[in-house]
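The values are calculated or read from the model by the stated rules, or taken from the named source; none is laboratory data. No experiment lies behind these values; they were computed from the predicted model shown. Here Cβ is always computed from backbone atoms with ideal geometry, including for glycine, and neighbour counts include all displayed protein chains.
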Amino acid sequence: MNTPRVEQGFFHVLPGKSLDEEWLATRQDSVVECADIATLDPEAMARLVHFEHALAKQPQFKCPVRHYFARGLYVREIFIPAGVALVGYVHMQECVTTVSAGVIVIGDGNEPRVIAAPYTMACPAGSKKAGYALRDTVWTDSYANPDNERDIDVLEARLTADTHDEFMRRLEHKP
């Protein structure tokens, strides 16, 4: 299988060189334990959407996803193999994200962050991220689920938007 490669030019770090172990060795100072990923500004969103369109032209890989439920809580866990690049949806509500295994470069259209497990952060509503797994990674998002919904299609529709414009429209129409 051909795994898509992410060029560092997108992340504004050593433009034109592939992300790999050699690059990671030079960026150990970028491995952060606790840093916020900023909510997207319009220019950052444009860079992220441009990357998403470019990535969509590459061979696709479907990362395995597991779903967990507890009273008032929905947890979505995704396994991202090393070498896989991906772009997430826009979050409609805040969530807590945990990286329990692996190393991944995360970009929100601004400066990238290298995140190494164990790592936990709060992701605000409206955020959208791209990632490139440097090592096999387990990424988990935990969401409030006050009505204990268990239908995954309903939850995905409630918790994600395809675009930032859709996110803004849906916010404007919330009761």
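Search the stretch 50-59 for residues being free of Cβ contacts under 8 Å to residues at least 60 places away in the same chain and among the aliphatic types (A, V, I, L, M), and hand back the single one that is surrounded by the fewest Cβ atoms within 10 Å (Cβ to Cβ). I'd like the intermediate steps shown before the answer.
Here is the first cut: in the stretch 50-59, the residues free of Cβ contacts under 8 Å to residues at least 60 places away in the same chain are 50, 53-54, 56-59.
Checking the rest, the ones that are also among the aliphatic types (A, V, I, L, M) come to 54, 56.
Values: ALA54: 15, ALA56: 10.
The qualifying residue surrounded by the fewest Cβ atoms within 10 Å (Cβ to Cβ) is ALA56.
Counting only strands (runs of 3 or more DSSP E) wholly contained in the stretch 105-175, the ones carrying 3 or more residues that are in contact (Cβ under 8 Å) with a residue 40 or more places away in the chain and out of contact with any Ser or Thr (no Cβ under 6 Å at 6 or more places or on another chain) occupy 113-116, 130-144. One residue alone among GLY102, GLY126 is on the phi > 0 side of the Ramachandran plot and modelled with pLDDT under 95, and that residue is GLY126. The set of residues in the stretch 62-88 being on the phi < 0 side of the Ramachandran plot, surrounded by fewer than 16 Cβ atoms within 10 Å (Cβ to Cβ) and assigned to a loop (DSSP other than H, G, I, E, B) consists of LYS62, CYS63, PRO64, ARG71, PRO81, ALA82.
For the stretch 53-108, the set of residues classified as in contact with a Pro (Cβ under 7 Å, 6 or more places away or on another chain) and more than 27 Å from ASP41 (Cβ to Cβ) consists of PRO59, GLY72, PHE79, SER100, listed by residue number. Within the set GLY88, GLY72, GLY83, the sole residue that is more than 30 Å from ASP151 (Cα to Cα), modelled with pLDDT of 80 or more and not basic (Lys, Arg) turns out to be GLY83.
Matching residues to (1) of a type in the set (A, V, I, L, M); (2) loosely packed, with under 13 Cβ neighbours inside 10 Å:
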position	(1), (2)
VAL96	yes, no
GLY102	no, no
GLY109	no, no
CYS123	no, no
GLY126	no, no
GLY131	no, no
ASP136	no, no
ARG169	no, yes
